[in-house]
Ligand SMILES: Cc1ncc(COP(=O)(O)O)c(C=O)c1O
């Protein structure tokens, strides 16, 4: 019985047992680690209170939402459907903030208004959203939140940077005054100011954003009672990656929010909305090696697995790298990217999926070309586990590409049970809505 790494309770024989029970591929989630991460973010130092919202876009399944809710996290929803989904999982609208690019009209606007009456916090992200929400907010004496676009951001890749001028999330700094004037004329208040500068950037960017956002609040938003610094706390999926120091960032925010109080007499509550930091490492994509190839003398070794981009699209979308664990069919750990005893393994291979797409690779360089990574050699029938797949995998992959079916999600509970929390999709379900 070998643990896969030094942070999770999942062992190699649990994986072999699960593959015997559920077939492959599937996602395996470690409930213990999810709860531990929730406790960690909730203990972030703060000056005058802290709300932690789980960015449910990272993993939107009902069981996961229930766990984070029970742990005391609130919800950051990115669409009306996400908000509805959280509510259907038993989470009260008063615990949900909606931050969306959508501009609900017709029936959807009615839905939004109903949610607002039931306590949902609407975080307006554009001048148009603001104009549409203002009459209803005024009439019902509902305060709004505003997402500001600082013009500075960072991310794991350019496509994950939501704060610079090449992305369009929030009301841009050049429109702050117009938004404030409009709110004043409409007799509505912004009691929360929100920023999300991007995902997976160097934690120093996150720290710099604290200063930037407090400065914006001081200049423009006299009614703000809550400052939300967004998500984007970096988690290390692989050893050597720079991980956010939540305690140090909290201490810094606490200091700056206290100074803000001393200067302005205003005590701001702090809010964060992590997705990756909470959920990335509690998930494993479990696949089987179904074939092996080599592309000539000067080419590469390939392990072909029964799950690739359709279960983890992060490499093809962002150029991300994930840890690999190789396990024999009878449960022996053959390789772990996280354990020192495997550092000497010098077999080099590319892990690819079975989609008809050259980018269906878990080892892609910045140009989108496969490169070999060090690991141990493996045989057809061995188990290839892709770690760091608890966030932005089951919720974000093109799972029906090549008509593959969406894979099951299995929760390894704290009590050691393996529980299916979403069944495997069937081919008929893919066809269901076709005429
Ligand atoms: C508004 C908002 N908040 C929070 C998050 C979560 O980011 P992360 O998963 O990097 O913590 C995102 C991610 O895109 C986001 O758009």
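What follows draws every value from the coordinates through simple rules; no lab data is involved. Note that this is a predicted model, so its numbers are computed, not measured. Here Cβ is always computed from backbone atoms with ideal geometry, including for glycine, and neighbour counts include all displayed protein chains.
Couple of notes before you dig in:
- Relative to the globular-protein estimate of 2.2 N^0.38 Å, the Cα radius of gyration of segment 336-378 stands at 1.29.
- For segment 5-103: rounded, prolate or oblate by the Cα gyration tensor [a/c cutoff 1.5]: oblate
- Peptides ranked, highest mean first, by Cβ atoms within 10 Å: ranges 364-377, 209-222, 273-286: 273-286, 209-222, 364-377
- In terms of its C-alpha gyration tensor, segment 57-186 comes out oblate, because a/c is 1.5 or above while a/b does not outweigh b/c.
- The chain: angle of helix 107-117 to the longest principal axis, Cα-based, in degrees nearest 10: 70
- Counting other Cβ atoms within 10 Å as a rough exposure proxy, the listed residues 393, 71 run 71, 393 from fewest neighbours to most.
- Sequence-distant contacts, meaning Cα pairs under 8 Å at least 6 residues apart, place the relative contact order of the chain at 19 percent.
- Compactness of the chain is given as radius of gyration and Dmax, 22.8, 73 Å, from Cα positions.
- Order of 320, 43 under a 10 Å beta carbon neighbour criterion, fewest first: 43, 320
- Value of Rg/Rh across segment 31-279 [Cα atoms, Kirkwood radius]: 0.94
- Note on segment 57-123: semi-axes of the ellipsoid equivalent to its C-alpha gyration tensor, largest first and rounded to whole Å, are 20, 12, 10.
- Eigenvalues of the alpha-carbon gyration tensor of segment 252-321, scaled by 5 and square-rooted, set the equivalent ellipsoid semi-axes at 49, 14, 8 angstrom, largest first.
- Taking 340, 254, 35 as the candidate residues, the one with maximal mean-square fluctuation in a Gaussian network model of the chain, Cα springs under 10 Å, is 340.
- Cα-based equivalent ellipsoid of segment 248-367: semi-axis lengths in Å, sorted from largest, via gyration tensor: 43, 17, 14
- Percent of Cα pairs exceeding the 20 Å cut-off, where the set is segment 278-435: 51
- Taking the number of Cβ atoms within 10 Å of each Cβ as an exposure proxy, the fewest-first ranking of 116, 396, 1 is 1, 396, 116.
- Between 0 and 90°, nearest 10: helix 203-220 axis offset from the chain longest Cα axis: 20
- Springs join every pair of Cα atoms under 10 Å in this Gaussian network model of the chain, and among 387, 119, 155 the largest mean-square fluctuation is at 119.
- Per-residue extension of 0.36 nm, minus the Cα-Cα distance of residue 294 and residue 94, leaves a gain of 66.4 nm for this segment.
- The GNM of the chain, with springs linking C-alpha atoms under 10 angstrom apart, assigns the highest mean-square fluctuation among 21, 101, 207 to 21.
- Reported to the nearest whole Å, the Cα centre-to-centre distance from segment 369-400 to segment 1-69 is 18.
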